[in-house]
Amino acid sequence: MSRRPAPRRESRRLALQVLYAADLGARGNAPPDDAFDAVAANFDLHPGALAFAKQLVCGTLADRNLLRLAVHELFRTDTPAQVVINEAVELARDFGAERSPSFVNGVLDAVARGRDAGEEL
């Protein structure tokens, strides 16, 4: 008897595959929802697990783009790190999920400390 993975694990697997497909689709201008629908069609998930996967995808797309923008600004402009971080946290409040601001703050703080220590992109 084969053991079926837990719903959250399946949600994460779907989310990762959708994000990959969305990245590929972005080059062909396909909307992320199209990628989600196309990939999700290959999964037999409970509606709750499907909803969780979509939540992961949407949150990741929002956070990832915000993080990419802020990291670029940290490394490629003369904007002070604290300003970049504060602005990114505010954008995360406006566009992200409830936990996005603290996540964005933590990631960017670590990136800024690395930059200050001489690390490069």
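Every number in this text was worked out from the coordinates using simple rules, so none of it is lab data. Bear in mind that the values here come from a model prediction, so they are computed numbers and not experimental data. Because the Cβ atoms are built from the backbone with ideal geometry, glycine has one as well, and the counts that use them run over all protein chains shown.
Subtracting the Cα-Cα distance from 0.36 nm times the residue separation, let me have the gained length for LEU24 to ALA41 in nm, one decimal.
Separation in residues times 0.36 nm, less the Cα-Cα distance, equals 4.4 nm.
What's the ranking of 95-101, 54-60 by average number of surrounding C-beta atoms within 10 Å, highest first? Numbers along the way, then the final one.
Details: 95-101: 14.7, 54-60: 18.1.
The packing order, highest mean first, is 54-60, 95-101.
Between the helical axis of 7-27 and the dominant principal axis of the chain, each derived from Cα atoms, what acute angle in degrees is found, rounded to the nearest 10?
The answer is roughly 60 degrees.
Between region 30-59 and region 70-94, what is the separation of their alpha carbon centroids in Å?
Cα centres, region 30-59 to region 70-94: 30 Å.
Between ARG12 and ASN86, what length in nm is gained on full extension when 0.36 nm per residue of separation is reduced by their alpha carbon distance? Walk me through the intermediate numbers first.
Numbers: separation 74, 0.36 × 74 = 26.64 nm, distance 2.94 nm.
Roughly 23.7 nm would be gained on extension.
Along each of the three principal axes of the Cα atoms of the chain, give the extent in whole Å, ordering the values from largest to smallest.
Computed over the chain, the largest-to-smallest principal extents equal 56, 31, 28 Å.
Considering only ALA81, VAL107, SER11, whose Cα is most displaced toward the positive end of the charge dipole of the chain, charges sitting on Cβ of Lys, Arg (+1) and Asp, Glu (-1)?
SER11
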